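What follows is one structure encoded as structure tokens, with my remarks underneath.
Since every read-out is calculated from the coordinates, none of them should be taken as a lab result. The model shown is predicted, which means the values in this text are computed figures rather than measured ones. In this analysis, Cβ positions are derived from the backbone assuming ideal geometry, glycine residues included, and neighbour counts consider all displayed protein chains.
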Amino acid sequence: MLTHKGTKTIETERLILRKVIISDAESIFLHLDSDEMLRWNPNKSVEQTQSELVGRVKEYNRTDFYEWGIELKKIEQIIGAVAAFKFNDTVLSCEIGAHLSRRYRGQGIMTEAQIAVNDFLFSEVGINRIEANHDVDNPAAGKVLEKAGLKFEGIQRQNYPRKDGSLGDLKIYSILKSDWLVMNNCLGK
């Protein structure tokens, strides 16, 4: 049985993973919503982002809602997001998805955030399996997942609609709690 705790603040060396607030709308629009690499259509204005945040912020009242804004401490702005969803109480699993501003990619920020969220989900929520996927045309996302300890499992062919109307293939990854325990030298504790 999962022990849901909701979105708790997680701090790492360079990052604060936290609930987003309405006043984050401008930095979210600047760093995330205007990015053409999104699987969904980007927002066209700060006001549209702010409007979407109103509903999202209400979701933080649920203990099974996990969505963190990634704040880089040195600039105190949201530059990315990571969320856990599709929880399965039978097999103690969830899926995780993330996005980082193009400006901050290649600096290990997303790997740092992914590891911190994995740690929280395994140690606090009781997850046994975390799954993630990415479009085959975005190999950098796979490198992040592998650096965070996830293992490549296979490809789901033509499994989601791309914005251009084509069907995209997804690379699937996972990490088990037993993998995480080995990575953190926690076996036998």
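Working from label points 7 Å from Cα in the Cα-to-Cβ sense, the Glu11 to Thr63 distance is 2.6 nm.
Okay, helix-only estimate at 222 nm for the chain: each DSSP H run of n ≥ 4 adds -39500 (n - 2.57), divide by all residues, round to 500 deg cm²/dmol; what do you get?
-7000 deg cm²/dmol
Of the peptides 51-64, 71-84, the ranking by mean beta-carbon count within 10 Å, highest at the top, reads 71-84, 51-64. Applying 1/(1 + (r/R0)^6) with r as the Cβ-Cβ distance of Glu47 and Leu181 and R0 = 45 angstrom yields a FRET efficiency of 0.45. Shape verdict for segment 53-124, please, from the Cα gyration tensor: rounded (a/c under 1.5), prolate (a/b greater than b/c) or oblate. Cα axes put segment 53-124 in the oblate bin. Simple spin-label estimate for Lys143 and Ser123 gives 2.8 nm between the two label positions (7 Å along the Cα-to-Cβ direction from each Cα). Between Val136 and Lys73, the simple label model (points 7 Å from Cα in the Cβ direction) yields a spacing of 4.1 nm.
The relative contact order of segment 1-97 comes to 32 percent, based on Cα pairs under 8 Å that sit 6 or more residues apart.
When mean projected area of the Cα convex hull in nm² is calculated for this entry, the matching label among (1) 11.0; (2) 10.2; (3) 12.5 is (1). Note: relative contact order over segment 10-183, using C-alpha pairs below 8 Å and six or more positions apart, is 18 percent.
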